[in-house]
Amino acid sequence: MKKNENLKILIDSNTLNKRIKELANDINNYYGTKNPLTIICILKGAVMFYTELAKHLKMPVKMEFVTLSSYGDSEKSSGKIKALNLAISDMENQNALIIEDIIDTGLTLDFLLKFIKTNYKVKEVKLAVLFDKKCARKYDIQPDFCAFNIDDKFIVGFGLDYCGFYRNLDYIGYFE
Ligand code: 5GP
């Protein structure tokens, strides 16, 4: 089902891509260019951010994907995680960076962090998010790398959906 209201642009494509490049530079500066890094994309929402960010990383990178869901078809978190795919290749003694579209209550990232720490002997695991919606936080989790802070607004585009639609937009929008 699609929303009927007018979709307004919140962040345009140039601003998004410029900021993601800056964030990639911060990540390059933190990790350096020598040691391998496994970047883990949380599908589906992080897909655009993940691919754009990955293009600018300078170290040897392994790309992994998990599929998690906490929203269903609504504008609020269901409070439960549906894990559809959690198969990540071995990361023993390596650095891992989780890439997420938006941290809201923190449930999704809390779940994945605990899963990785319990099941993989990683050297270090960190979090990179496109958006941080701090006002909605229920779990004590802070991103290590964050492109934008956002207030309590439901946004779509650049990977973020409403009922499965709008993910393909090259900008971030909101409904008036
Ligand atoms: P959390 O587990 O932190 O509560 O929620 C994270 C997930 O909720 C995100 O990966 C994303 O799928 C969804 N989400 C949170 N806020 C928004 C939003 O403003 N728009 C959209 N489309 N999804 C959101």
> Just to be sure, is F49 hydrophobic (A, V, I, L, M, F, W, C), within 19 Å of D161 (Cα to Cα), assigned to a helix (DSSP H, G or I) and touching a Leu at 6+ places or on another chain (Cβ under 7 Å)?
Replying inline: yes
>> I'd like to check something: does the stretch 158-167 contain any residue that is surrounded by fewer than 21 Cβ atoms within 10 Å (Cβ to Cβ) and of a type in the set (A, V, I, L, M)?
In response: no
> Does the stretch 26-41 contain at least one residue that is touching a strand residue (DSSP E or B) at 6+ places or on another chain (Cβ under 8 Å) and part of a loop (DSSP other than H, G, I, E, B)?
Replying inline: yes
> Residues in the stretch 104-157 that are among the polar types (S, T, N, Q), surrounded by fewer than 17 Cβ atoms within 10 Å (Cβ to Cβ) and farther than 20 Å from Y171 by Cβ: how many?
Replying inline: 3
>> Every residue in the stretch 109-158 that is more than 11 Å from the ligand (Cβ to nearest atom), of a type in the set (D, E) and assigned to a loop (DSSP other than H, G, I, E, B), please.
In response: D140, D144
>> Just to check your reading of the model, which residue among L10, L53 is at pLDDT 95 or above and within 16 Å of the chain's Cα centre (by Cα)?
In response: L53
>> Considering only residues that are within 11 Å of the ligand (Cβ to nearest atom) and either assigned to a loop (DSSP other than H, G, I, E, B) or free of Cβ contacts under 8 Å to residues at least 40 places away in the same chain (or both), which ones fall in the stretch 159-168?
In response: G159, D161, C163, G164, Y166, R167
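The values are calculated or read from the model by the stated rules, or taken from the named source; none is laboratory data. What you are looking at is a predicted structure, and each value in this text was computed from that prediction instead of being measured. Virtual Cβ from ideal backbone geometry, glycine too; neighbours counted across all protein chains shown.
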